[in-house]
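Reading through the structure tokens given below for one structure.
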Amino acid sequence: HAKNAGRNIWQIFKPGMNALIEKRRALEVDLDAGIAKGEFELFLQPRVDVVSAEVTSYEALLRWHHPERGIVSPVDFIPVAEASGNIIALGEWVIHEACRILALEENVEKLSINVSPIQFRHTDFHRRLDDIVRRAGVDPRRLELEITESVLIDDDKRALKILKELKTSGYAIALDDFGTGYSSLSYLSRYPFDTIKIDRGFVANLGDEGSAEAIVHSIIDLGGRLGMTVVAEGVETLEQASFLARSGCDELQGYLLGQPQPLERIAVSVPAEVVAGLAREKRNGGGR
Ligand code: C2E
Ligand code: MG
Ligand code: MG
Ligand code: MG
């Protein structure tokens, strides 16, 4: 009987698992060529100041224009690149491209790039970053590095050392997806973050029964006390934006404020109804 059950499970999962493994393998094979052929692009998504309702900076989000598959999501190819080691080359391409945009575009004052834990831990990361930034003639203070807490878990002391050195060179550092995984409030005081990004999972749950509102309040409060800029990710509705503005969140990012877009189509201002909504909260005493 047990054997039967086992076989049934195998039959249920086998096709899907195979498809997943196949897809990963195919992407892995295509990655090298894709990097060499320039199939990647940075889409930019605005980050908006709650008080002024102006765009303060953009997050660079990587897209792959695959010749057969169309646009492939980073959710699908970043893990593949990390597993194969290609993430180093891809990550350097991202730095190059971010610097090119910063050197070219006066509309883009600041840019945040996502840095994989593997890339961050690579021995040469800081030196290579400096090289690219210097050659592009870009002020490091215009570049923010988004890392996730997984960077901090494995090798605490080394991570702290690297972060301090990066800060000394002028880069801004953001803690991405805060509140997921093993997040600990003590990270916030131990590491020199300029920015905390509240994970969009909490933003999505605002207004529902549950603890999201209390958690969001606490993150905003603590981040503020530590002098960090608190950004909410995944803001999709005016209700969420209003709640975050009233709670003293500094900046908003999400489809409500602007979709990730190619450089030539980036949002430079915020939809009028959002500006009006934020102004209403300001009159009612929101903001910090
Ligand atoms: P992330 O850094 O947390 O980026 C935010 C993700 O949320 C992006 O997904 C963005 O498109 C999406 N998003 C923005 N606003 C909204 C919203 O209002 N609602 C919802 N549901 N989603 C929203 P995307 O572009 O698919 O990127 C996914 C993840 O892939 C990123 O999460 C980041 O971890 C990783 N990634 C993206 N670009 C790079 C890169 O250049 N290097 C590395 N290492 N990772 C990257
Ligand atoms: Mg990010
Ligand atoms: Mg993010
Ligand atoms: Mg995030």
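Among what's in region 188-232 and is hydroxyl-bearing (Ser, Thr, Tyr) and within 16 Å of ligand 3 (Cβ to nearest atom), pick the residue that is farthest from the chain's Cα centre (by Cα).
Within region 188-232, the match that is farthest from the chain's Cα centre (by Cα) is THR229.
Being closer than 21 Å to ASP176 by Cβ and either touching a residue at least 60 places away in the same chain (Cβ under 8 Å) or out of contact with any Phe, Trp or Tyr (no Cβ under 7 Å at 6 or more places or on another chain) (or both): is that true of PRO67 here?
Considered against the rule, which asks whether it is closer than 21 Å to ASP176 by Cβ and either touching a residue at least 60 places away in the same chain (Cβ under 8 Å) or out of contact with any Phe, Trp or Tyr (no Cβ under 7 Å at 6 or more places or on another chain) (or both), PRO67 comes out as no.
Find all pairs meeting these conditions: Cβ atoms under 6 angstrom apart; at least six residues apart or on different chains; first residue within region 236-262 and touching a residue at least 60 places away in the same chain (Cβ under 8 Å); second residue among the charged types (D, E, K, R) and buried (at least 24 other Cβ atoms within 10 Å of the Cβ).
The qualifying pairs are GLU251/ARG47; GLN253/ARG47.
Which of the residues that make up region 117-126 are away from ligand 2 (no atom under 16 Å from the Cβ) and either under 20 Å from the mean Cα position of the chain (by Cα) or of a type outside the set (D, E, K, R) (or both)?
ARG121, HIS122, THR123, PHE125, HIS126 - these are the residues of region 117-126 that are away from ligand 2 (no atom under 16 Å from the Cβ) and either under 20 Å from the mean Cα position of the chain (by Cα) or of a type outside the set (D, E, K, R) (or both).
More than 23 Å from GLY38 (Cβ to Cβ), within 16 Å of ligand 4 (Cβ to nearest atom), buried (at least 18 other Cβ atoms within 10 Å of the Cβ) and not acidic (Asp, Glu): is that true of LEU111 in this structure? Before the answer, list the steps.
Values: more than 23 Å from GLY38 (Cβ to Cβ): no; within 16 Å of ligand 4 (Cβ to nearest atom): yes; buried (at least 18 other Cβ atoms within 10 Å of the Cβ): yes; not acidic (Asp, Glu): yes.
The answer is no for LEU111.
So, in region 60-108, of the ones that are among the acidic types (Asp, Glu) and under 17 Å from ASP139 (Cα atoms), which residue ends up modelled with the lowest pLDDT?
GLU106
Quick one: which residue in SER52, SER57 is buried (at least 19 other Cβ atoms within 10 Å of the Cβ), more than 8 Å from ligand 1 (Cβ to nearest atom), farther than 19 Å from GLY38 by Cβ and not hydrophobic (A, V, I, L, M, F, W, C)?
Result of the check over SER52, SER57: SER57.
Have a look at SER57, SER112 and point out the one that is within 18 Å of ASP177 (Cβ to Cβ) and touching a Lys or Arg at 6+ places or on another chain (Cβ under 7 Å). Quick ask: steps written out before the conclusion?
Values: SER112 fails: touching a Lys or Arg at 6+ places or on another chain (Cβ under 7 Å).
Step by step, each of SER57, SER112 is checked, and only SER57 is within 18 Å of ASP177 (Cβ to Cβ) and touching a Lys or Arg at 6+ places or on another chain (Cβ under 7 Å).
Which one is farthest from GLU149 (Cα to Cα), of the residues in region 169-183 that are modelled with pLDDT of 95 or more and assigned to a strand (DSSP E or B)?
ALA172
State which residue is farthest from ligand 2 (Cβ to nearest atom) when the search covers only region 127-158 and only residues that are modelled with pLDDT under 95 and crowded, with 19+ Cβ neighbours inside 10 Å.
LEU152
Between a residue in region 114-131 that is more than 15 Å from LEU90 (Cβ to Cβ) and of a type outside the set (Lys, Arg) and any residue that is away from ligand 2 (no atom under 16 Å from the Cβ) and not in a helix (DSSP H, G or I), which pairs come within a Cβ distance under 9 Å, given they are 6 or more apart or on different chains?
Cβ pairs passing all conditions: HIS126/SER169; ASP130/SER169.
Sort out for me the helices (runs of 4 or more DSSP H) sitting completely within region 208-288 that have 3 or more residues that are within 16 Å of ligand 4 (Cβ to nearest atom).
Working: elements: 212-225, 238-246, 272-283.
Helices (runs of 4 or more DSSP H) meeting the threshold: 212-225.
Taking SER186 as the residue in question, decide whether it is among the polar types (S, T, N, Q) and modelled with pLDDT under 95.
Numbers: among the polar types (S, T, N, Q): yes; modelled with pLDDT under 95: yes.
Criteria met by SER186.
Residues checked against (1) surrounded by 16 or more Cβ atoms within 10 Å (Cβ to Cβ); (2) at pLDDT 95 or above; (3) touching a helix residue (DSSP H, G or I) at 6+ places or on another chain (Cβ under 7 Å):
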position: VAL203; (1), (2), (3): yes, yes, yes
position: ALA212; (1), (2), (3): yes, no, yes
position: GLU233; (1), (2), (3): yes, yes, yes
position: GLN240; (1), (2), (3): yes, yes, yes
position: GLY248; (1), (2), (3): yes, yes, yes
position: VAL268; (1), (2), (3): no, no, no
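Limited to region 141-159, what total is found for residues that are assigned to a helix (DSSP H, G or I) and in contact with a Lys or Arg (Cβ under 7 Å, 6 or more places away or on another chain)?
Of the residues in region 141-159, 1 are assigned to a helix (DSSP H, G or I) and in contact with a Lys or Arg (Cβ under 7 Å, 6 or more places away or on another chain).
The values are calculated or read from the model by the stated rules, or taken from the named source; none is laboratory data. The model shown is predicted, which means the values in this text are computed figures rather than measured ones. Cβ atoms come from the backbone with ideal geometry, glycine included; neighbour counts cover every protein chain shown.
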